[in-house]
Each structure stands twice: as C-alpha cells, then as structure tokens.
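*Asks:* Dropping a structure here in structure tokens format, bear with me for questions.
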Amino acid sequence: MKLATYKDGSRDGQLVVVSRDLGTAHYATGIASKLQQVLDDWNFLSPQLQDLYDQLNAGRARHAFPFDPQQCMAPLPRAYQWADGSAYINHVELVRKARNSEVPATFYTDPLMYQGGSDDFIGSCDDVVVPSEAMGIDFEAEIAVVTGDVKMGASPEQALDGIRLVMLANDVSLRNLIPAELAKGFGFFQAKPATAFSPVAVTLDELGDAWDHGRLNLVVQSTWNGRKVGMCDAGPEMTFHFGQLIAHVAKTRNVRAGSIIGSGTVSNKGVERNGRTEWPRGYSCIAEKRCIETIQDGQPSTEFMKFGDTIRIEVKGPDGASIFGAIDQAIAAPADA
C-alpha cells in the first residue's frame, strides 16, 4: 500500500491512503489519524489500511478524492530518529580520490552513519529554505526506510524484518559548512538542514522484484533546473543493504518504531572510455559532480545551487509509472531576507 500525510495545520498532519497510480487518495480516519500510530501498532492497523487501499484501487472507496502532492507533508512529518548512512562506497571513494586521500579499510566493513535532525522534516513540494547561498547548497538523492521496533543486537537479517515502508529522500547539505564542523570531531550538525521526503511511503510488496534483500533495484532520477543530471541505479552498487544499516544503528541500543534510516547519496562507479574515466549515469549530488571534475580536470567547475534553482527526484517502475511520487522543490531564501 501507499501512505501519505496531508497538511492540516498541525505538526503531524492527517494520514491518507493513496492509490497505486497516485491518482486518488482517502483519509484513513476511523483507522488511524497519524502514521506514527500505525507504526506503533502495525500488526493490527496495517491490515485495515490495506483493506482501504484495495477498495481505493478498485474504485469502491466512498470518499476518495484526487491526490495532490502539493498538500503533502513528509510521510512521517517528525520522527523519533533519522539516521543517514553512506551505503554507496563509490561516493566516499570519489570524495577521497578528489583530495588525494585513501578510504580507510574499515569503511568497507562497517557502515558510515550520522544522526540528523528529525524534529522538522519538509514535504516533497515544500521550498528548501536556506539562510545563504554562500553555504554551498546541495541536494542528495537517496532511498530511505521507516522501521518498526528492532531489538538491540539484531542481525542484519533480523533488521530486514523490521522495515515497514520505503520512500525517497532529499538529504539537503550545506557543503561549505561541513569542513569546519567535521574538524571539531563530532560530525554534521548545521551543515544538514531539514530533510525532505517523497509524497508517499510504500510497503515492500509494492516494489515487487525490485526489492531484493534490502536493496532497491531501480533507477533514481535527479533533475536539476529541468536538466536530468542523474540516472543512478540504486541496487547493485549499494555496499551495505538496509538490514546492515539498521543493524549498525541497533548495535548498542533498541531502534524504535518510527525511525528513519537513509542510504546516503545513490552513487555508481565510472567506466573507462578511451583512457578516461566517465560517469554515464551522472550524479545524485553536486558534490560528487565536483569531485568527478577535480579528478578529470584538476578542479571543480560546477557551482552549488542558487536561490530559485529546482530539484526533482523520482523513481519509476518498469512500467514507467512513478512509485513514490516526486520530490519537486525550489531553493528559497528566508521570507524575511
């Protein structure tokens, strides 16, 4: 099934069930009003939502209405936890190669993760508000999952069973703030503003064969200012699958229902052509493009995002239909600027 949260003036919005083709929706009133309620009582409430979903797809839902992504908050508007990984080691390799440093051996055996702010996510069509262009505004196209309860010490296989929903993420980064923050030794903080998520989150059965042991074998499309810059395959080159990422989080603590785990920037390796490495699948963040330029030409030439820029992130199924809906945002200055 597909679930979304509509804006209603409150912090947590109203839960809606969305049809498979993203054409219609129906409030889940009477079953659950918030997505967190469903995650807290998944075994009891999700079958009821599935029944409503089936009715909606069959055209039998009595109070269905046209689905409007503009009315969506993040599917889970605020969460108990947002932990983002760097599951695509190619991304780390490019960053390190661009500055002539080696990737530590442990990066290939132990996931790299950071804990982001989870009190204020933004909707798929909401503006990305940033105080200054000088901060180095970047998008990051990612896959994310929402979990149920996962016990401390869970194995990667056990952690996979804790995945409830899958969605897309734009993990906005302020690149020019990162070096000073990392130099302090505690990791990202101000360099990671509010994250955006796709209009809908979907259960694993909606993904069919594309969901393969914690990996999503589909292409993540990134379109910057109307120009498609990334067609990156999210599956085969994901070094750590979602079970491994969740198990990493659960190594020393319980993971509770309503936690969101991100994949990190979806990244694909380059290919050798005529003695030169090229990246035909493009990129899922500008920082990676700048690393590629540094490797190829000795210095970056692509600038970060400016106010008024747009970014669209989407995944389509084999039939060409959008699965999660699109993250479709503009970069904006604060209203009082």
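*Asks:* Length gain on complete extension for the stretch residue 310 to residue 176, per 0.36 nm per residue less the alpha carbon to alpha carbon distance?
*Replies:* This chain segment gains 46.3 nm when fully extended.
*Asks:* How far apart, in nanometres, would the label points at residue 254 and residue 11 be if each is projected 7 angstrom from Cα along the Cα-to-Cβ direction?
*Replies:* It works out to 2.2 nm between the two label points.
*Asks:* What does the net charge come to around residue 335 if you take all other residues with beta carbon closer than 15 Å to its beta carbon, with K and R at +1 and D and E at -1?
*Replies:* Values: positive: none; negative: 126, 127, 336.
Around residue 335, the charge tally is -3.
*Asks:* Could you run the Debye sum over the Cα atoms of region 241-337, one equal point scatterer each and no solvent, and tell me log10 of I(q)/I(0) at q = 0.20 Å⁻¹, two decimals?
*Replies:* -1.14
*Asks:* Let me ask something additional. How much net charge surrounds residue 191 when only other residues with a Cβ under 14 Å from its Cβ are counted (Lys, Arg +1; Asp, Glu -1)? Mind dumping the intermediate values first?
*Replies:* On the way: positive: 175, 184, 192; negative: 84, 138, 140, 171, 181.
That sum, taken over residues with Cβ under 14 Å, equals -2.
*Asks:* Considering only the other residues whose Cβ falls under 15 Å of the Cβ of residue 154, what net charge follows from Lys and Arg at +1 and Asp and Glu at -1?
*Replies:* Its environment carries a net charge of +2.
*Asks:* Compare the Cα positions of 211, 260, 239 along the charge dipole of region 208-330 (+1 at Cβ of Lys, Arg; -1 at Cβ of Asp, Glu; about the Cα centre) and return the one farthest towards the positive end.
*Replies:* 260
*Asks:* I'm spelling it out carefully: the read-out is volume of the Cα convex hull per residue in Å³, the candidates are [x] 140; [y] 150; [z] 217, and one was derived from this structure. Which label?
*Replies:* Given [x] 140; [y] 150; [z] 217, the calculated one carries the label [x].
*Asks:* Would you mind checking the pairs 192/306; 289/316; 2/269; 7/251; 184/269; 97/228 and listing those with alpha carbons more than 27 angstrom apart?
*Replies:* 2/269; 7/251; 184/269
*Asks:* Mind giving me the FRET efficiency for residue 269 and residue 303? R0 is 25 Å, r the Cβ-Cβ distance, nearest 0.05 is fine.
*Replies:* Result of the calculation: an efficiency of 0.50.
Just so you know, all these numbers are worked out from the coordinates, no wet-lab data involved. Worth saying up front: this structure is predicted, and the values here are computed from it rather than measured. Note: ideal-geometry Cβ built from the backbone for every residue, glycine included; neighbour counts use all protein chains shown.
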